[in-house]
Amino acid sequence: MGIVHGDRTLKEVVEERERNQAETGSSYGPEALRLFAHEPTQLERIYWKLITATQYGRDTSMLISTSPSAITGELLQFVATPDGRAVASSWGLCGHSGALRMMIGTMGQLDYDADPGLGGIHDGDIFSCNDPVHGSSQNNDMYTVLPLFAEDKLIGWAAASLHLVDVGSAFTPGMAGVSPTTYTDGFVVPPQKTGQNFVQSKAWELTLKRRTRMGVMNILDDKMKLVGALMVRERVLNMTEEFGAKRFVQAMHEIIERDRREIIERVKAWQVPMISHHPKIIHVTQKQYLGTAFPEAIDCTLHVPATCQINPDGTITQDFRGASSQGFTHYNCYPGGWNLGAYTDFPVLAMGPAISNAIYEIAQRKTDPGSLCQPTRDDLGSVHGCVMAIDAHSNLGRGYALGRFARGFLEEAWVNEVLWGISSFEGSFANGTPFASADWSLTANMPLGVTPWRDGVAVAVGTGNPLSDIGEAEEYEFLCPAVTHLSRGLVPDVMVHGKYRGPVAFGIGYLVTNPGGKMTFHSTGSPTGTSPACIVGICGGYPALPSYILLLHKTNVRELIDQQIPLPRNALEARGYLERGLLTAEQTLDNVTQTPEWEVTDGDLIYYANEAGSSWGEPLDRDPARVRTDLEEGWLSPEVAQTVYGVVAQRTAHEWTVDAEATQRARQRLKKRRKHRAIPVRDWWRNERKHVQDNSLPEMSQRMYQDCRQYETFRDAFVSFWQVAKNGDTYGS
């Protein structure tokens, strides 16, 4: 006799769903949709009652007992089937609903319901997990899960997820940005029982206090998630009384299967079957920060190929074979991280009002065992594994856009780009009290991507998360009172140019104010390093810009404040102040994309700009009227208008006017200059091929190629493109 509805064990239902998925492409097999076919109104009632329950739990619980971080858009409440597949979720970072099935899968495979040391699984038990190997997306994301029992049987799970305020990592506490192993990741908890009778244990609270810098805040969030899950539980039990437990479980299965079929039909109707390649390069720098204490910390370049295959049957094949090997970096991606990363596919594939696990039923993922896309070791750093997966799925979004563009749906062929940045602060006040926090304003929101008929829209949406964090500056200031937001807004001229330009970048200005003790600033984001080369534009558009950081150490800010001189609002204004001598700084860190460790003091200025997404089409084909509009609205300077777009404009008393003849001449000059500088592709290929044959590439590039050639998919493509021998002293050997 098992605990799951139908007298089965948790292991049996988990294995059945995985078997069905492998054999039929559907977790619940090819069985007919009985309720959908005969009682569709009742199925819809159950569907929307579930969605309402999760939203009610979210919106109510976060106002009862919570740290300021939960007021932001990250909090998610959701309901799942007995085998852990999400049926409905609230607003929030919906990708977590996909990672839960890994947690429940682990619990099933290890027979948690029959484990004498655990005491089994009972009504009122509470389970927690933030381990990306066994359940969560990353250790920064803590799940709080309640089993749902009706008629003394398990009918599902009520779950909540939220970022930890501090994850207890060695560096960048808000989200560990430099971490070669799981031991430097910080706090990692496999699926475990942390409470009974609907109350978390004192031991669990002590663990949160001892293993994180901000234990009190994390405990508040933990209690808040539990309250939300209890509210969801109450409503679900009311539904089982109304519809019956058997019918309720059947409805959950049918909702996922119905959504799967609808997504398949949508893909078949909107996409042209095709294959496109969207590789990504990640530059990792760890040695200078961790090399002494952790010799395994290395500097390296990682290769993450992403091939998007839209199949005629409406399914998607996502091929990541040929990626760099697993290793001592924070980018190793375990299954939970991949499931979170797939949330970037929801808006462009699912296109529905609610989230279920159906999206995972239509996408087949191919990876090489032993690569960073499928680690076979569980001791490696993985804090940014889900970030790598998010970026990879964002690149796949170009394949979806091209598929719709080829079908002729210009309005719907939008580029879905994940461009995120996190600023973290760690230190202590004058009395020795430690603090740590992160500003997620540039994380759970992003621009609306460019299309073949309009420009990108700045900070417009949160992909997979309709509640953006962009307006929560006061909450983040509460978490770190030693940092003041000077400014938040769009940064003129910081954009990606094209026939339809990318969105104007969003910038934040910070002023460090009286930290008392030692304080460090950390930042990480995407795109960083060399990754913009992979977030390319479409149809001749320019690639996305990397995140941009300007740090000014030991400035004369206090003097400017005393003189009532306005402080610069963004990096461009700050550079102008420096050039005029109005602003001084003893040390400047300019044009960087990430800062794993930077000590700051009172009066330091930090400027962060990000979310300058890619463009669509050739910049010289841009309608001069659009350039004129950008000039009028102040997003573009006349110098950039002329040097990039070839548009010559003058400012009159009331408006900008475009000189059509001068613009035509300027564009011809730019085209001639390009032609003069251009290298024929054949010549470029021959020159680069010589570097390949001579092994004369930079050291980290050599190591990357030597590593990736062990994988057949990469090796065959590399040999074919460069026409080198498979054997011999070349990279193709």
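Read-outs throughout are calculated quantities, based only on the coordinates presented, and are distinct from any laboratory measurement. As the structure is a prediction and not an experimental result, all values here were calculated from the model. Glycine also receives a Cβ, built like all others from the backbone with ideal geometry; neighbour counts cover every protein chain displayed.
The 3J(HN,Hα) values that the Karplus relation (6.51, -1.76, 1.60; θ = phi - 60°) gives for segment 651-666 are, in residue order, 8, 9, 4, 10, 7, 8, 10, 9, 8, 4, 5, 5, 5, 4, 5, 5 Hz. Gly and Pro appear as x.
Dividing the summed helix terms, -39500 (n - 2.57) for each DSSP H run of n ≥ 4, by the number of residues in the chain produces a 222 nm estimate of -11000 deg cm²/dmol to the nearest 500. Near Leu396, once Lys and Arg are set to +1 and Asp and Glu to -1 for all other residues with Cβ below 13 Å from its Cβ, the sum equals 0. Close amide-amide hydrogen proximity is noted between Ser614 and Ala544, each under 5 Å apart and 5 or more residues distant or on a separate chain (H modeled in the peptide plane; Pro and chain starts excluded).
Remark on Gly381: its backbone amide H falls under 5 Å from those of Thr181, Thr182, Thr329, a criterion applied only to residues 5 or more positions apart or on other chains, H modelled at 1.01 Å from N.
Between Arg558 and Asp590, the FRET efficiency from the beta-carbon distance, with R0 = 22 Å, is close to 0.50.
Here the Kirkwood formula puts the hydrodynamic radius of segment 193-264 at 15.1 Å, using every distinct Cα pair. Summing Lys and Arg as +1 and Asp and Glu as -1 over all other residues whose Cβ lies under 11 Å from the Cβ of Thr601 gives a net charge of -2. Charged neighbours of His384, selected by a Cβ distance under 12 Å, balance to -2 (K, R count +1; D, E count -1).
A full extension of the chain between Glu633 and Asp694 corresponds to an added length of 16.8 nm, given 0.36 nm per residue minus the alpha carbon distance.
An ellipsoid equivalent to segment 681-722, defined through the eigenvalues of its Cα gyration tensor, has semi-axes of 18, 14, 6 Å when rounded to whole angstrom and sorted largest first. The modelled label-to-label distance between Asp299 and Glu412, using points 7 Å beyond Cα along the C-beta direction, is 4.8 nm. Computing Rg and the Kirkwood Rh from the Cα coordinates of the chain gives a ratio, Rg/Rh, of 0.98.
Straightening the chain between Phe478 and Val199 buys 97.6 nm, computed as 0.36 nm per residue apart minus the Cα-Cα spacing.
Quick one: in segment 10-260, what % of C-alpha pairs are over 22 Å apart? That fraction is 52 percent. In the structure shown, the pairs Lys202/Lys225; Lys11/Lys223; Lys11/Lys153 are assessed against 23 Å; a Cα-Cα span above that value is assigned to Lys11/Lys223. Each of Ile470, Ile255, Ile281 was scored by other Cβ atoms within 10 Å of its Cβ. Arranged with the fewest first, they read Ile281, Ile470, Ile255.
Mind checking the angle between helix 10-24 and the chain's longest principal axis? C-alpha axes, 0 to 90 degrees, to the nearest 10. Roughly 60 degrees between the two axes.
Around the Cα centre of the chain, unit charges on the Cβ atoms of Lys, Arg, Asp and Glu (plus for the first two, minus for the last two) sum to a dipole of about 2040 debye.
Counting 0.36 nm for each residue step from Thr643 to Asp111 and taking away their Cα separation leaves a gain of 184.9 nm. Quarter the surface of the alpha carbon convex hull of segment 44-152 and you get the mean projected area, 7.7 square nanometres. Helix 385-407 against the longest principal axis of the chain: what's the angle in degrees, Cα atoms only, rounded to the nearest 10? Rounded to the nearest ten degrees, it is 70. Binning the C-alpha pair distances of segment 619-725 at 5 Å intervals from 0 yields a P(r) profile of 2, 10, 15, 13, 8, 6, 7, 9, 11, 10, 5, 2, 1, 0 %, listed from the shortest bin outward. Computed from phi, the 3J(HN,Hα) profile of segment 370-376 under the Karplus parametrisation 6.51, -1.76, 1.60 (θ = phi - 60°) reads x, 8, 5, 8, 8, x, 9 Hz, with x in place of Gly and Pro.
Using DSSP loop states and a limit of at most 13 other Cβ atoms within 10 Å to flag GluC sites (Glu not before Pro), what is the longest stretch of the chain containing no flagged site?
152-654
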